[in-house]
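Presented below is the structure to which this report refers.
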Amino acid sequence: MTTIAANLQAIRDRIARACAMCARNPDSVALLAVSKTFGADAVLNAAQAGQRLFGENYIQEAVRKMADVALQHPPRLAWHCIGPIQSNKTQLVAEHFDWAHTLDRAKIARRLNDQRPPHLPPLQVCIQVNVDGGATKSGLPVPEAVALAREVAQLPRLQLRGAMSIPDPLPDFDAQLAIHQRARAAFDAIAAALPASHTGFDTLSLGMTADLEAAICAGSTLVRVGSGIFGARHYPPPAG
Ligand SMILES: *Cc1c(COP(=O)(O)O)cnc(C)c1O
């Protein structure tokens, strides 16, 4: 077994134990493998070990990597954009990704909607909420997140799937749980504000290597794990 395969198994075990601890069905928590800064070989290695969902932060790096990975004819993988999206990168996101987790502006949402190619299914999107930070942090406070969600729900080439949050690291489980519960409350507030006809709002993207247990206990349905699978990140990737 490769290191990546062993790490993946260890993370799956952590997810299963966390689900047992807070009485959740382990099938209700998906694992997103965050492969930023790692190469196509690492993605293929994880795919070989059964991983299908991959998360990337840097859009140009990701698109190059997707092409390299595709040359090896892996099973069908899903690619999630979990990094900030500038206006000049929306086209790449619309054309290459299956999901975008970091919507926090109507302008970006409209561009993604307009640029999503007709032959692809709607881009699956989450609204990024800020539950612990000041105005400089990405993500929206709850009232703005609710307003954006109502707009996004009307865009035909986007499918609004949920909320995501990246709280700052906290040292212990109780502190992590308290902050993750705010993200869960934001998710619930958005869900309650959507029209009854809106279906598929089912994803709370929450939790990373260091805090996935607390995130799962707060209701995360998708944990984003990088270093726990691929190891420590060593170089700053190119901008973009
Ligand atoms: C890098 C990153 C992760 C993964 O972080 P690890 O601590 O390596 O698990 C998860 N989510 C986002 C948004 C990230 O940028």
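Selection of the stretch 38-68 for residues being farther than 18 Å from T2 by Cα and more than 15 Å from the ligand (Cβ to nearest atom) yields Q60, V63, R64, M66, A67, D68.
In the set A153, A183, only one residue is in contact with a His (Cβ under 7 Å, 6 or more places away or on another chain) and among the small types (G, A, S); that residue is A153. Here Q176, Q181 are screened, and the one residue that is touching an Asp or Glu at 6+ places or on another chain (Cβ under 9 Å), within 19 Å of R24 (Cβ to Cβ) and either part of a helix (DSSP H, G or I) or among the hydrophobic types (A, V, I, L, M, F, W, C) (or both) is Q176. Counting only residues that are touching a helix residue (DSSP H, G or I) at 6+ places or on another chain (Cβ under 7 Å), assigned to a loop (DSSP other than H, G, I, E, B) and buried (at least 20 other Cβ atoms within 10 Å of the Cβ), the stretch 105-149 holds 2 of them. Exactly one residue out of L123, L112 is of a type in the set (A, V, I, L, M), under 22 Å from A33 (Cα atoms) and either over 20 Å from the mean Cα position of the chain (by Cα) or more than 16 Å from the ligand (Cβ to nearest atom) (or both): that is L123. Applying the criterion of being part of a helix (DSSP H, G or I), without any contact (Cβ under 8 Å) to a residue 60 or more places away in the chain and not small (G, A, S) to the residues of the stretch 15-37, the residue that is farthest from the ligand (Cβ to nearest atom) is D27. Each residue in the stretch 204-240 was checked for being more than 14 Å from the ligand (Cβ to nearest atom), touching a Lys or Arg at 6+ places or on another chain (Cβ under 9 Å) and not in a helix (DSSP H, G or I), and 2 pass.
Coordinate-derived values only; no laboratory data. A quick note: this is a predicted structure, and the numbers were derived from the prediction, not measured. Neighbour counts are summed over all protein chains in view; Cβ atoms, including those assigned to glycine, are modelled from backbone coordinates with ideal geometry.
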